[in-house]
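Presented below is the structure to which this report refers.
The values are calculated or read from the model by the stated rules, or taken from the named source; none is laboratory data. Because the structure is predicted, anything quoted here is derived from the model rather than measured. We place every Cβ from the backbone using ideal geometry, glycine too, and count neighbours over all the protein chains shown.
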Protein chains: 2
Amino acid sequence: MSGSAIMRPRIVEVRERVLKQNDLLARELRQRFQEAGVRVVSMVSSPGAGKTMLLEKTLTILSREYRVSALVGDLATENDALRLQRSGAPVKQITTGTTCHLDASMISAALIDWNLKGLGILFIENVGNLVCPSSYDLGEDLRAVLMSTTEGKDKPLKYPSIFNSADIAVITKLDLAAAADFDRQTAAANILTVRPGMRIVELSAKRGDGMDDWISCVIGARGVA
Amino acid sequence: MSGSAIMRPRIVEVRERVLKQNDLLARELRQRFQEAGVRVVSMVSSPGAGKTMLLEKTLTILSREYRVSALVGDLATENDALRLQRSGAPVKQITTGTTCHLDASMISAALIDWNLKGLGILFIENVGNLVCPSSYDLGEDLRAVLMSTTEGKDKPLKYPSIFNSADIAVITKLDLAAAADFDRQTAAANILTVRPGMRIVELSAKRGDGMDDWISCVIGARGVA
């Protein structure tokens, strides 16, 4: 791997500088969120695992009792923000161009004209990517990694860093489990191999089963202001 | 975006150096493949879009008439290689650690103990990622971007660069189209918006429909030695 031996150290060095700067900014953000009483929940997954559908249902359910808001990341299009704004919650799109993940500076910039005190529970939907977002702290209280029943059971073994960086695992599209021959036991065992003791929530945002369990994770043990 | 304004130029500069080096190496690879009469087909998609299942069926079908071989990329595990080796074809796993894509140097290193002349049609299965692999030429003749019917119809609009870097689009898991309420017309229209005239193949590797169309793309107009 001669080419890569020459190239990699320099990239790694720059990446570490960027990550260090991101960590500092994320720490600042986390403090601002805490002071404003905002609970921040981020969602990461492959493209198409159902983040936006789950968020749409979640905003609708929670907005009956809580203030909710969302930042949604995509390389391109405002589709997700438009879709989520139907819930009535304040929603802003972050388009990243060619950048494959959100970082703390993007979150900070997107919040610039929002009053943190009014955000209640703030959701951050990352760019669909099961690799790169794992390294970037966004100042969130809870990071959920989603995998759908149609993605197969071995994703945790193949993408361990994202499962290691997340707090809970959410298995989505339970309604497609039978059609996709989803092996529930093995999927759970694979998650627990990578991350022993990880809390696993199974749900179908479409049908509604499992949503209570998810909502209780979102709200958290300490509740929300 | 003050943090990002400070950080990005340096990262971009390094990334461009890496890409330039990758392009040189990919060009070398492409020439070696041509001289050895190897046709190279790469596959990119989200995690779980069905690359390995499609590759498994493809190796089985093609090995009746052609020599076939495969390199499969993942962050971790040898699962895919073990699964594909059942076809009898020479298969090698490339594990990338935390790197979110394959690059030309990884391909070159993986080929080091293989005689190119014997490879026939060489498949390269990239790491599951709809963003980063788009920038890395691997010396392939044909790059196929896969999206499954369960991922929803808007992926081409949200991940335009990968559709722009690919030669054909493959819609997988047709068997789940009805259960997932897949909107076929809009999906095709979205692909063609991003990439006018792009060839679209629809298939179910599980059921077998659409495989002929895919196989004819793989073999290519000029045939294989």
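Can you find a residue that is within 14 Å of chain B (Cβ to nearest Cβ) and part of a loop (DSSP other than H, G, I, E, B) anywhere in region A:185-202?
yes
Taking region B:43-66, which residues are under 15 Å from residue B:143 (Cα atoms) and not β-branched (Val, Ile, Thr)?
B:43, B:45, B:46, B:51, B:54, B:55
Select from region B:58-75 the residues that are surrounded by fewer than 24 Cβ atoms within 10 Å (Cβ to Cβ) and among the aliphatic types (A, V, I, L, M) and write down the one among them that is nearest to residue B:106 (Cα to Cα).
Of everything passing the filter in region B:58-75, B:75 is nearest to residue B:106 (Cα to Cα).
Please verify whether region B:168-184 includes one or more residues that are within 11 Å of chain A (Cβ to nearest Cβ), closer than 27 Å to residue B:212 by Cβ and in a helix (DSSP H, G or I).
Looking for residues that are within 11 Å of chain A (Cβ to nearest Cβ), closer than 27 Å to residue B:212 by Cβ and in a helix (DSSP H, G or I), one finds at least one in region B:168-184, hence yes.
Report whether or not residue A:146 is within 7 Å of chain B (Cβ to nearest Cβ), out of contact with any Asp or Glu (no Cβ under 6 Å at 6 or more places or on another chain), modelled with pLDDT of 95 or more and within 20 Å of residue B:49 (Cβ to Cβ).
no
So the check is Cβ under 7 Å with 6+ separation or different chains; which pairs have a first residue in region B:72-86 that's under 18 Å from residue B:42 (Cα atoms) and a second one that's of a type in the set (A, V, I, L, M, F, W, C) and assigned to a loop (DSSP other than H, G, I, E, B)?
Correct list of pairs: B:73/B:102; B:73/B:127; B:74/B:127; B:75/A:131; B:75/B:127.
For region A:52-87, give me each residue that is away from chain B (no Cβ under 14 Å), among the charged types (D, E, K, R) and not in a helix (DSSP H, G or I).
Of the residues in region A:52-87, the ones away from chain B (no Cβ under 14 Å) are A:57-70, A:85-87.
With the extra rule that they be among the charged types (D, E, K, R), the set shrinks to A:57, A:64-65, A:67, A:86.
If the condition is that a residue be away from chain B (no Cβ under 14 Å), among the charged types (D, E, K, R) and not in a helix (DSSP H, G or I), then A:64, A:65, A:67, A:86 are the ones that fit.
Looking at region B:103-129, which of the residues that are under 28 Å from residue A:162 (Cα atoms) and without any contact (Cβ under 8 Å) to a residue 40 or more places away in the chain is surrounded by the fewest Cβ atoms within 10 Å (Cβ to Cβ)?
B:109
Residue by residue through region B:111-128, note down the ones that are within 14 Å of chain A (Cβ to nearest Cβ) and more than 16 Å from the chain's Cα centre (by Cα). Walk me through how you get there before you give the answer.
As a first pass, look at region B:111-128 and keep what is within 14 Å of chain A (Cβ to nearest Cβ): B:111-113, B:125-128.
If the condition is that a residue be within 14 Å of chain A (Cβ to nearest Cβ) and more than 16 Å from the chain's Cα centre (by Cα), then B:111, B:112, B:113 are the ones that fit.
Is it fair to say residue A:55 is hydrophobic (A, V, I, L, M, F, W, C), more than 22 Å from residue B:133 (Cβ to Cβ) and crowded, with 24+ Cβ neighbours inside 10 Å?
Judged against the criteria, residue A:55 is a match.
Within region B:132-168, restricting attention to residues that are closer than 20 Å to residue A:127 by Cβ and of a type in the set (A, V, I, L, M, F, W, C), which residue is surrounded by the fewest Cβ atoms within 10 Å (Cβ to Cβ)?
B:157
Quick one: is residue A:175 under 14 Å from the mean Cα position of the chain (by Cα), surrounded by fewer than 23 Cβ atoms within 10 Å (Cβ to Cβ) and of a type in the set (D, E, K, R)? Can you show your working first?
Values: under 14 Å from the mean Cα position of the chain (by Cα): no; surrounded by fewer than 23 Cβ atoms within 10 Å (Cβ to Cβ): yes; of a type in the set (D, E, K, R): yes.
No: the conditions fail for residue A:175.
Free of Cβ contacts under 8 Å to residues at least 12 places away in the same chain and not β-branched (Val, Ile, Thr): is that true of residue A:178 in this structure?
yes
If residue A:40 meets every condition in (1) at pLDDT 90 or above; (2) in a helix (DSSP H, G or I); (3) crowded, with 20+ Cβ neighbours inside 10 Å apart from one, which number is that one?
Against the list (1) at pLDDT 90 or above; (2) in a helix (DSSP H, G or I); (3) crowded, with 20+ Cβ neighbours inside 10 Å, residue A:40 comes up short only on (2).
When you go through (1) buried (at least 24 other Cβ atoms within 10 Å of the Cβ); (2) assigned to a strand (DSSP E or B) one by one for residue A:94, which number turns out not to apply?
The one condition residue A:94 does not meet is (1).
Against the condition under 13 Å from the mean Cα position of the chain (by Cα) and within 10 Å of chain B (Cβ to nearest Cβ), how does residue A:108 come out, does it pass? Give the steps one after another, and end with the answer.
On the way: under 13 Å from the mean Cα position of the chain (by Cα): no; within 10 Å of chain B (Cβ to nearest Cβ): yes.
So residue A:108 fails the test.
Does region B:25-42 hold any residues that are over 11 Å from residue B:141 (Cα atoms), away from every other protein chain (no Cβ under 12 Å) and either of a type in the set (A, V, I, L, M, F, W, C) or touching a strand residue (DSSP E or B) at 6+ places or on another chain (Cβ under 8 Å) (or both), and which are they?
B:36
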